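Each reported figure results from applying straightforward, stated rules to the coordinates on display, with no laboratory input. None of the values given here were measured: they were computed from a predicted structure. Note that each Cβ is placed from the backbone with ideal geometry, even for glycine, and that neighbours are counted across all protein chains shown.
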Amino acid sequence: MNLKLKKPSKKTVEIIKYDMTALIGEDLRTEYAIEIQNRFNCFMEITEEEVTERSSQNDIDASWNNLKQAINKTNKKLLPKKKTEAKQPWMTTDILEQMEERNNTKA
């Protein structure tokens with residue numbers, strides 16, 4: 001009897017990258033700053049009410065999670081996703097469009 005062991009495949013989490021160069025424009029930059037400040041203030045008010053008897057480490061972790069959530073939600077709302085760029089210098093946008101079209105027809 002022959003048995004083979006298989007390595008379980010890991011599920012990959014897609015990392016969404018946002019185009020931070022969009023913040024060069026003054027309008028989007030001010031809107032982004034206001035949105036983050038408003039979200040962070042809302043999260044801080046909620047946690048100050050909920051967290052009264054927690055230790056300082058939990059308080060720091062809660063503050064970090066609140067800041068991270070505020071930034072992620074604001075990025076999702078305001079910033080465009082970063083487009084994939086050619087990894088090879090000879091790849092043009094035409095080639096990338098054809099590759100995307102091919103993948104769409106396969107699916």
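Values as computed for the structure displayed
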| quantity | calculated |
| --- | --- |
| DSSP-assigned coil residues among trypsin sites (Lys or Arg not before Pro) in segment 1-31, each with at most 11 further Cβ atoms within 10 Å | LYS4, LYS6, LYS10, LYS11 |
| Formal net charge of residues neighbouring LYS83 (Cβ-Cβ distance under 14 Å; K, R +1; D, E -1) | 0 |
| Rg/Rh for the chain, where both radii come from Cα atoms and Rh is the Kirkwood radius | 1.19 |
| Cross-link table LYS10/LYS76; LYS7/LYS82; LYS6/LYS82; LYS7/LYS83, entries beyond 31 Å C-alpha to C-alpha | LYS7/LYS82; LYS6/LYS82; LYS7/LYS83 |
| Local net charge near LYS68, Cβ-Cβ under 13 Å (Lys/Arg +1, Asp/Glu -1) | +2 |
| Mean Kyte hydropathy of -1.0 or more with a Cα span along the axis of at least 18 Å, helices from DSSP in the chain | 26-50 |
